[in-house]
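The values are calculated or read from the model by the stated rules, or taken from the named source; none is laboratory data. None of the values given here were measured: they were computed from a predicted structure. Methodologically, a virtual Cβ is constructed for each residue, glycine included, from the backbone with ideal geometry; neighbour enumeration extends over all protein chains shown.
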Amino acid sequence: MDANDAAAEFGSLYARAYHQFHQRQSPREHRVSLESLALLRHLEQSGPLTIKEAAAHFDRSQAATSEMIGRLIDRGMLERMADERDRRRHLVWLTDVALEVLRESSRPLSDELVAAALERLNAADRAHLIRTRGLLLDAAQQLRNQPKGTN
């Protein structure tokens, strides 16, 4: 099997694995829009922001940003806090609920479903599976670190 055939087979297996093991959320769990998730991720990276700063970053009106932030506050994902440097300014920041949403959103596969399937493999096959996926990811990282035009 050449690299192109292996890539096609790996892609097919990846799609099947994703379909089999992806996180399934119940309707009761916190679900957020992609736009809200982007805001939560930005706050996680930047630290607390004012609504005006968030609106500027996302090139949205203050009214639209304020409305989205208000919904996230109502759902317990954000909280308002006074700016320690200037008590007239109010910042928004992530709650523990938002941090859990971010953690879960960065893990597309269900650990429980994967573990249940891995239980059916012997220890040597589990170790081989993990090792070979690691080798593939290491090779991909090496490609990303190479200057363009070199192989």
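Run down R85, R89 and say which single residue is of a type outside the set (F, W, Y), at pLDDT below 95 and touching an Asp or Glu at 6+ places or on another chain (Cβ under 6 Å). Don't jump to the end; show me each part of the working.
Numbers: R85 fails: touching an Asp or Glu at 6+ places or on another chain (Cβ under 6 Å).
R89 is the lone residue from the list that is of a type outside the set (F, W, Y), at pLDDT below 95 and touching an Asp or Glu at 6+ places or on another chain (Cβ under 6 Å).
Of all residues in segment 11-33, those satisfying the criterion of being surrounded by 13 or more Cβ atoms within 10 Å (Cβ to Cβ) and either modelled with pLDDT of 90 or more or closer than 14 Å to L78 by Cβ (or both) are A17, F21, H30, V32. Selection over segment 82-123 of residues that are surrounded by 12 or more Cβ atoms within 10 Å (Cβ to Cβ), without any contact (Cβ under 8 Å) to a residue 40 or more places away in the chain and outside any helix (DSSP H, G or I) gives a count of 4. A count restricted to segment 39-81 and to residues that are over 17 Å from L102 (Cβ atoms), surrounded by 14 or more Cβ atoms within 10 Å (Cβ to Cβ) and of a type in the set (G, A, S) stands at 3. Listed conditions (1) modelled with pLDDT under 90; (2) within 29 Å of Y14 (Cα to Cα); (3) surrounded by 11 or more Cβ atoms within 10 Å (Cβ to Cβ) are all met by S36, apart from (1).
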